Amino acid sequence: MTAHLADPEHNPSFTRGVFLGEIREDLVFPFPELSADERESLHAVLDSFRGWAAATVDGARMDREGRFPDEVRAGMAELGMMGLNIPEEYGGFGASALLFSRVFGEVGTTDAALAVYFGAHQSIGCKGITLFGSEDQKRRWLPQCASGERIAAFCLTEAGSGSDAQAMRTTAIPSADGTHYVLDGEKIWISNAGYAGVLTVFAKVPVEVEGKQKQRVTAFIVDAHAPGVSLGHVEEKMGIKASDTRTVSFAGVRVPVEDRLGEVGGGFRIALEILNSGRLGLAAGSSRGTRRILDLALAYAKERKQFGRPIGSFEMIQKKFALAAAECYAADAGWMTCAAMVDRGGVDFSLETAACKVFASELSLRAALEAQQVAGGLGYSKEYPYERAVRDARIMLIFEGTNEILRALIALSGLQQPGEQLKELGRAFKDPLRSLGAIGSYLGGRVKRQLAKPCFTRVHPALADEAELVCKAVHDLALAVEKLLIAHGKGVIERQFHQERLANSAIDIYLSTATLSRASWAIARAGGPENAAADLDNARIFVTMAMRRTRRALRALEANQDARLKAIAERALESGSLTVETPTDA
C-alpha cells in the first residue's frame, strides 16, 4: 500500500511528543511561508474566485432554495476549482496543502454550503484515489474529477456505524471468477450524493484468516451511475442547505476488481488518512468564516448607536471582538503550521489536524453566536446573515469525526507511547537482574522529566513569558500523564472525563506553540516587536488564556467531581427525566 501521509508508526509528531514532555520545535518552526510562485498563484486564484463569486454566488438564495444553481456548479468547474489539489499530471492544479487550505477558507467565507461541495469533492471524495490509487486508477478517474465532469463523494457513514467504522454492515463479496465484487449496503449523510459521478465506498470483504472467516474493511472506487446504485431523498438540514446530502444505497452493484482501492483490509487506514486530510480544510474554512461574520458585526457595532454612542465603544462588546480576534489569530496559525507539516512530508500530523478542526469549528460557532448577539434583534432575522451563519457553523462540530471522538483520538493516541514505556518497565521488573539497563534508562528519564522543563529556543525574546507558560504546561502534562497511567493503566480507555482534559490541554498547547511561531515570524519580518504590536497583543492574550485553561484541566485530573457528574447522568438516563422534579410539580 502507498505510504500514508501522516504515518504515525514511523514519523515524528509534535503532539505525541508533548505527552512525553517534549517540545519538538523543528516541527513548528519556522512559521511557514508560501514561495513567491505559490503566492502569485494564490493571488490569481483568489482574485478570479472572488470576482466570479461576487457576480454569481447568492448564499441567501441558495439557502432558501436548498440547491446550487447550475451556473454556480458550472462556474466552479470552469475556474478550475474542482481540481485544485489534484496533481497536475492528472489534469489538476497540484496545489500544496497550504495553498489549498487558504483557498478552502475563501470558499468557506463566500458560502458554507459551497465549501462543503468543494471539500467533499477534493478533500475526501477523490482524495483516496490521489493518495492510494494505482497509476491506472488515477489516469481513469482523476482527470474527470479535476475538470468537474465527475463530482466525487465519500461513502463511509451508516445508520449503525458513524465514528465506529468497524461496525459497518455494507459488504463487498468477491465473485467466483475473481473479476469483480458485488456491493450491497447503504450509506447515509453523503455530501454531494445528488451530484456525484464517482464514489469512494467502504465495505467489508470476507477473508479467511487461519481457517476462520473474518470481515475486513476495504475501499472501492464506484461509478455513481452503475446499475444498482440508488439515491434517497435530499435531507432537510438545519444549515448548509444547498449542499446535496442523501442516502446512497447499493444493491448487487458490480465493482471491477481493478477498482478496489488499496489492499483488502486496508480500508480503515485509508479512511482515517483521508479524514486526516479533510479536517485541515474544515479548520481553514471555519477560521475564515469566523473572520467574515465578525467583520460584519464590527461594521454594525460602529454604526449602531445606543445612549448616544456606538455600541462598539462599550467594553462588553469590545471584549467579544478582542477574544475572537486572538482566537482567530491562533486558529490561522494552527492550520497553517499543520498544512506545512503535510507539505513537508515525513511528519505525523494526524493529531494536529484533529486539534485544528476541533478548535476552529468550535470557534466558528461561538463567533457566529457572538456576532448574532452584537446584532441584537437583527441577528435573529432571516433578512440578515447572522442566523444563517449560526445554522451553517453548527455542522462543523460534527463533520469528519465529531469533536468528542477527535478529543478521544488525541488523548488515547497521545497516551500510547507513555503507556508502552510503562508496560515495558513492568516487564523489566519481572526480571530485574537482566533488565537493569531498561530500568535505569526509564528511571533516569523520569528524573529528568521531573526536574527539567523543556524549553523553546526559537521564540522571540519579546514572548519569553508566554513561552515559559507553554513550557511549564508541557512539563506538567507529561507528569500528569505518567501519574494517570500508573493509577489507571488500561482502564484509562474508559475514563473519558480525563481524556477530554488531556485532549483540551494538548490542543491548547499546540495552538499556543503555533501562535508563538507565527508571532515570532511576524516580529522578525516587521523588524522588531515595536512594529508588530497587533501580533504581540493577539499572541499574549491567546497564550495566557489557553495556558490558564490547561492549568485548570490538569488540576482537575486529581481534584474533580467526576463521580457526581456520572451519578447525575446515569440517574437521568435510567429515569428518562433530566433532573429532580420542580417543587411546584412534586
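The values are calculated or read from the model by the stated rules, or taken from the named source; none is laboratory data. None of these values were measured; they are calculated from a predicted model. Don't worry about glycine lacking a Cβ; one is built from the backbone with ideal geometry, like all the others, and counts go over all protein chains shown. These area figures cover heavy atoms from the full protein model, side chains too; ligands, DNA and RNA do not enter into them. Shrake-Rupley method; radii C 1.70, N 1.55, O 1.52, S 1.80 Å.
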Just need a number here: residues in region 118-161 that are over 19 Å from V201 (Cβ atoms) and of a type outside the set (K, R). 7
P69 passes all but one of the listed conditions (1) under 25 Å from the mean Cα position of the chain (by Cα); (2) open to solvent by less than 40 Å² (accessible area, probe 1.4 Å); the exception is number (1)
Of the residues in region 296-316, those that are open to solvent by less than 30 Å² (accessible area, probe 1.4 Å) and either touching a Ser or Thr at 6+ places or on another chain (Cβ under 9 Å) or over 26 Å from A113 (Cβ atoms) (or both) come to A301, I311, G312
Quick one: which of E33, E88, E78 is under 17 Å from M336 (Cα atoms) and either open to solvent by 20 Å² or more (accessible area, probe 1.4 Å) or in contact with a His (Cβ under 7 Å, 6 or more places away or on another chain) (or both)? E33
Residue check for E400: under 15 Å from G281 (Cβ atoms) and part of a loop (DSSP other than H, G, I, E, B): yes
Would you say T109 is without any contact (Cβ under 8 Å) to a residue 60 or more places away in the chain, among the β-branched types (V, I, T) and assigned to a helix (DSSP H, G or I)? no
For region 356-397: of the residues being in a helix (DSSP H, G or I) and of a type in the set (F, W, Y), which is most open to solvent (accessible area, probe 1.4 Å)? Y380
Just one of the numbered conditions (1) closer than 20 Å to E352 by Cα; (2) touching a His at 6+ places or on another chain (Cβ under 7 Å) is not true of I509; which one? (2)
Can you confirm whether region 287-295 contains a residue that is in contact with a Gly (Cβ under 6 Å, 6 or more places away or on another chain), open to solvent by 50 Å² or more (accessible area, probe 1.4 Å) and modelled with pLDDT of 95 or more? no
G289 versus (1) without any contact (Cβ under 8 Å) to a residue 60 or more places away in the chain; (2) over 23 Å from P30 (Cβ atoms): which is the lone unmet condition? (1)
Is it the case, given these coordinates, that A284 is touching a residue at least 40 places away in the same chain (Cβ under 8 Å) and surrounded by fewer than 16 Cβ atoms within 10 Å (Cβ to Cβ)? no
Looking at (1) assigned to a helix (DSSP H, G or I); (2) of a type outside the set (D, E); (3) open to solvent by less than 50 Å² (accessible area, probe 1.4 Å), which one does A172 not meet, given that it meets all the others? (1)
Residues to consider are S505, S517; find the one that is under 20 Å from V459 (Cα atoms), among the hydroxyl-bearing types (S, T, Y) and open to solvent by less than 10 Å² (accessible area, probe 1.4 Å). S517
Check A193 against each of (1) of a type in the set (G, A, S); (2) open to solvent by less than 10 Å² (accessible area, probe 1.4 Å); (3) in a strand (DSSP E or B) and name the one condition it does not meet. (3)
Top-ranked residue in region 47-66 [being touching a residue at least 24 places away in the same chain (Cβ under 8 Å), of a type in the set (G, A, S) and over 15 Å from V107 (Cβ atoms); ranked as surrounded by the fewest Cβ atoms within 10 Å (Cβ to Cβ)]: A60
Among the candidates R571, R564, R548, single out the residue that is farther than 30 Å from V481 by Cα, out of contact with any strand residue (DSSP E or B) (no Cβ under 6 Å at 6 or more places or on another chain) and open to solvent by 100 Å² or more (accessible area, probe 1.4 Å). R571
Of everything in region 139-166, what is open to solvent by 40 Å² or more (accessible area, probe 1.4 Å) and part of a helix (DSSP H, G or I)? Give them in sequence order. R139, R140, P143, Q144, S147, Q166
Exclusive hit being over 22 Å from G262 (Cβ atoms), at pLDDT 95 or above and assigned to a helix (DSSP H, G or I), set A120, A74: A74
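Could you check how many residues of region 9-43 are part of a helix (DSSP H, G or I), within 27 Å of Q417 (Cα to Cα) and free of Cβ contacts under 8 Å to residues at least 60 places away in the same chain? Even if it seems obvious, please write down each step before you answer.
Within region 9-43, the subset part of a helix (DSSP H, G or I) is 14-19, 25-27, 36-43.
Adding the requirement that they be within 27 Å of Q417 (Cα to Cα) leaves 14-19, 25-27.
Then drop every residue that is not free of Cβ contacts under 8 Å to residues at least 60 places away in the same chain, which leaves 17, 26.
Of the residues in that region, 2 qualify.
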With the structure loaded, tell me whether R216 is outside any strand (DSSP E or B) and either of a type in the set (K, R) or at pLDDT below 95 (or both) or whether it fails that test. no
Residues being part of a strand (DSSP E or B) and surrounded by fewer than 21 Cβ atoms within 10 Å (Cβ to Cβ) - total across region 253-274: 2
Identify, please: which residue in region 450-471 is surrounded by 15 or more Cβ atoms within 10 Å (Cβ to Cβ) and assigned to a helix (DSSP H, G or I) and is, among those, nearest to the chain's Cα centre (by Cα)? V470
